[in-house]
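Notes for the one structure printed next.
Please treat every number below as a calculation from the coordinates, not as lab data. Note that the structure is predicted; figures quoted are calculated from it, not measured. Cβ atoms come from the backbone with ideal geometry, glycine included; neighbour counts cover every protein chain shown.
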Amino acid sequence: MTRVQGKTALITGAAMGMGEAHAKLLAKEGANVVVSDVNVEKGRIVVDTITEAGGEAMVCKHDVSDEAAWREVIGEGVTAYGKIDILVNNAGVTLQKPVHETETHEWDRLFDINVKGAFLGTKYILPAMQKAGRGSIINISSIYGLVGGPSARRSGKAR
Ligand SMILES: NC(=O)c1ccc[n+]([C@@H]2O[C@H](COP(=O)([O-])OP(=O)(O)OC[C@H]3O[C@@H](n4cnc5c(N)ncnc54)[C@H](O)[C@@H]3O)[C@@H](O)[C@H]2O)c1
């Protein structure tokens, strides 16, 4: 028996990597999948793979740091499937630079996508989930959300 039959899952950053894997597994387990990503071309390939395997999916062009885009993507998902039961806040980017060489705009971009993106998703999905009386929000993080790592070396020099 499939575990999420008839449910709808919105997965951010689902055009590749872990998001793609979440999307394919949830579709295999019976969910309607909303593949959200800034890379809509790759997202479309994920949707084609899911539908060719007998699953149900749609793609939405979506920058998770864009507040208005969240309203649009949730609206598109609800219009297509009637509800959204599962949100996977997966979209994330990394920056492999020592702090003293990191530009403020690079820091802002990291936080806009990795932190504000998850906040906006939760903020805009919650009213629909409250109305339905249920729902699941899954936030994908990293070990570096819990502990730091040594990287304050001078650029170009290995430790
Ligand atoms: N892969 C790992 O080993 C690992 C380890 C720890 C944590 N994570 C976390 O897992 C998540 C996925 O990582 P991954 O390795 O699969 O990444 P990835 O780089 O393979 O894929 C990330 C996806 O997010 C999309 N994306 C980037 N910016 C976006 C934005 N502003 N809005 C919407 N989509 C956007 C990209 O287009 C891409 O499809 C991230 O949150 C990452 O921090 C991954």
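Worth pointing out:
- Gyration tensor (alpha-carbon) shape descriptor, the chain, a/c threshold 1.5: prolate
- Percent antiparallel among DSSP beta bridges (both partners in the chain, rounded to 5): 0 percent
- Exposure proxy ranking for Met16, Met58, Met129, based on other Cβ atoms within 10 angstrom of each Cβ and starting from the fewest, stands as Met16, Met129, Met58.
- Magnitude of the charge dipole, the chain, Cβ model with Lys/Arg +1 and Asp/Glu -1, debye to 20: 560 debye
- Close Lys pairs in region 1-107 (alpha-carbon distance under 23 Å; sequence gap of 8 or more, or different chains): 12.
- At R0 = 22 Å, FRET efficiency that the Cβ-Cβ distance of Glu72 and Trp107 yields, to 0.05: 0.20
- The HN-Hα couplings worked out from phi for region 6-12 by the Karplus form 6.51 cos²θ - 1.76 cosθ + 1.60 (θ = phi - 60°) are x, 8, 10, 10, 9, 10, 7 Hz, whole numbers, x standing for Gly and Pro.
- Estimated FRET transfer efficiency (Met16, His100; beta-carbon r; R0 35 Å; 0.05): 0.65
- Mean separation of Cα contacts under 8 Å (6+ apart) over length of the chain, as relative contact order %: 22 percent
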